[in-house]
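Written out below as structure tokens is the structure these notes cover.
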Amino acid sequence: MTHTRADLHELLEAHGLHPSRALGQNFVGDANTVRRIVRLAGVGPSSRVVEIGAGLGSLTLALAEAGAEVTAVEIDRHVVPVLRSQVEPVGVRVVEADALTVDWEELLGRPGGSTAGEALAGADPPERTGADRWTLVANLPYNVAVPLVIRVLEEAPGIGSALVMVQREVGERLAAGAGDEAYGAVSVKVAYWARASVVGRVPASVFVPRPKVESVLVRLDRHPTRGAGTSAADIPYDRLFAVVRAGFAHRRKMLRRSLDGLVPAGAFEVAGIEPTARPEELGLGQWGDLVAAAFPVR
């Protein structure tokens, strides 16, 4: 049984707690919402789930109810004891940590169940199989949502898919495609690692306290290879996104101007891209083509 809004108010009062504005805490108190998140995340009895920002455990309990093996991460040391009391009795592992700095390998373990310590004497880890991969679920405050999602994509290959609840504007940026109003450098970076889509909206009325912003659910499914199916896959990551960032730093300018001094003028013709194009017009593959033309392998 997961928490209702009344349950959350009772827990907060009983333990003398107040939702932290600094941490962007808005706890979910609606059974239909958390079970919907579980369903959209594809979580079931065989799932290994890491939940970021577990709070008072509403979503955590729904994940456990579905039969998943759950590791719940919470940064707030005042909330952690209450979270433990709610979810450890149903088999959830609780970790007090900051997801922006946590060691993902230590948290999730190595493929095949080996630990980070055991890996010190070994060779490169084997590639994770579908059964060995984790699902991430999270209710993320707006100020950490983008850096956390990007860090997970870059540094936690063991996480094969994610379902994150974020502010609507943030969610639209994460899932935007070329030509969309919300499309930017973050959208390109997400597309390099995963397929992302907005899969639902969440009303403010389900939260305690009630936020002043709209929320959406974004699902991300990691590509089998980085930059899958595009020329971007063969380009050094830092080089590719140095060009992408430079292009979007002046998104109102034509690319020949915003990339002047970084990308040779002749690279546009080689890549088949109009130098008068603007950054929001280029998809991941076109960015890859442009960088490949600008920095050919010798």
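The values are calculated or read from the model by the stated rules, or taken from the named source; none is laboratory data. Since the model is a prediction, treat every value here as computed from it, not as a measurement. Neighbour counts are summed over all protein chains in view; Cβ atoms, including those assigned to glycine, are modelled from backbone coordinates with ideal geometry.
Of the residues screened, Arg35 is one that is part of a helix (DSSP H, G or I) and either assigned by TED's automatic domain parsing to the domain that holds Leu163 or not small (Gly, Ala, Ser) (or both).
In the set (1) part of a loop (DSSP other than H, G, I, E, B); (2) free of Cβ contacts under 8 Å to residues at least 60 places away in the same chain; (3) under 18 Å from Val186 (Cα atoms), the condition left unmet by Glu274 is number (3). Taking the stated definitions as given, is Val244 touching a Lys or Arg at 6+ places or on another chain (Cβ under 9 Å), outside the structural domain of Met165 (by TED's automatic domain parsing) and part of a loop (DSSP other than H, G, I, E, B)? It is false that Val244 is touching a Lys or Arg at 6+ places or on another chain (Cβ under 9 Å), outside the structural domain of Met165 (by TED's automatic domain parsing) and part of a loop (DSSP other than H, G, I, E, B).
Is one or more of the residues making up the range 208-229 among the β-branched types (Val, Ile, Thr) and free of Cβ contacts under 8 Å to residues at least 12 places away in the same chain? There is at least one residue in the range 208-229 that is among the β-branched types (Val, Ile, Thr) and free of Cβ contacts under 8 Å to residues at least 12 places away in the same chain.
For the residues Arg251, Arg222, Arg245, the requirement of being surrounded by 13 or more Cβ atoms within 10 Å (Cβ to Cβ), under 30 Å from Trp134 (Cβ atoms), touching a Pro at 6+ places or on another chain (Cβ under 8 Å) and not β-branched (Val, Ile, Thr) singles out Arg222.
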